[in-house]
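Below is one structure; the comments refer to it alone.
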């Protein structure tokens with residue numbers, strides 16, 4: 001990837017298409033920028049389909065865009081791989097109905113095969129990365145398990161870890177840039193930058209440009 005552009009991370013979107021459009025307009029992404037989306041594109045908010053469509057189009061325009069797996073996408077894909085109805089209550093907790101409804105579908109039974117989604121959208125979900133490293137930064141959805149090598153992590157740990165990561169005095173030689181845990185304002189510590197600022201809960205959608213630590217909000 002090119003090294004002359006900006007390195008940008010964008011927090012949890014959760015179907016908030018208008019905020020995403022506004023944020024991308026503020027950022028005015030250029031061809032040599034590297035943009036890392038931290039996951040949770042779907043669920044809770046009303047416009048998951050439109051968000052995924054926009055992100056797919058963005059990737060077509062700029063190959064230096066990286067999409068990470070969030071816990072909402074991970075749980076959905078786990079259900080698709082092994083359609084055990086024991087997962088349905090957990091999907092409901094993540095407001096999976098809003099995701100399905102955004103595609104004009106109302107029946108949760110169609111989640112088994114994601115038959116209501118365009119193939120391009122299904123492929124988008126199935127190709128999300130667990131983490132990404134560049135320069136002095138590790139990008140991940142939720143965080144990491146202290147003391148555990150990256151290659152030993154499960155998708156669930158990358159996507160759902162919280163307290164043990166947030167409370168750890170972490171030093172892995174890189175700053176961990178993450179989403180998942182919603183803060184009123186971005187969390188900035190010596191070794192962590194948290195940029196989920198609760199867009200779907202009425203707060204803002206946040207991006208950070210690194211290493212300048214310049215924040216954008218929409």
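Numbers for the structure displayed
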item	result
Order of 152, 22 - criterion: other Cβ atoms within 10 Å of each residue's Cβ, fewest first	152, 22
Ranking of 175, 181 by count of other Cβ atoms within 10 Å, fewest first	181, 175
Ratio of the Cα radius of gyration of the chain to 2.2 N^0.38 Å, where N counts its residues	0.97
Value of [θ]222 nm, deg cm²/dmol, for the chain, DSSP H segments ≥ 4, -39500 (n - 2.57) each, nearest 500	-8500 deg cm²/dmol
C-alpha center-to-center spacing [segment 10-41, segment 118-139] in angstrom	14
Cα-based equivalent ellipsoid of segment 108-148: semi-axis lengths in Å, sorted from largest, via gyration tensor	31, 14, 6
At 1.567 mPa s and 4 °C, Stokes D of segment 65-143 from Kirkwood alpha-carbon radius, µm² per second	95
Taking all pairs of distinct alpha-carbon atoms in segment 16-135, Kirkwood radius in angstrom	15.0
Largest-first principal axis extents, alpha carbons of segment 124-195, Å	32, 27, 25
Percentage of interatomic Cα-Cα distances in segment 40-79 larger than 11 Å	66
Share of alpha-carbon pairs per 10 Å distance bin for segment 158-197, given as whole %	30, 63, 7
On Cα atoms only, tilt of 48-61 relative to the major axis of the chain in degrees	50
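No lab work stands behind these numbers, since they all come straight from the coordinates. All values reported here derive from a predicted model rather than from experimental measurement. Glycine gets a Cβ as well: all are built from the backbone with ideal geometry, and neighbour counts include every protein chain shown.
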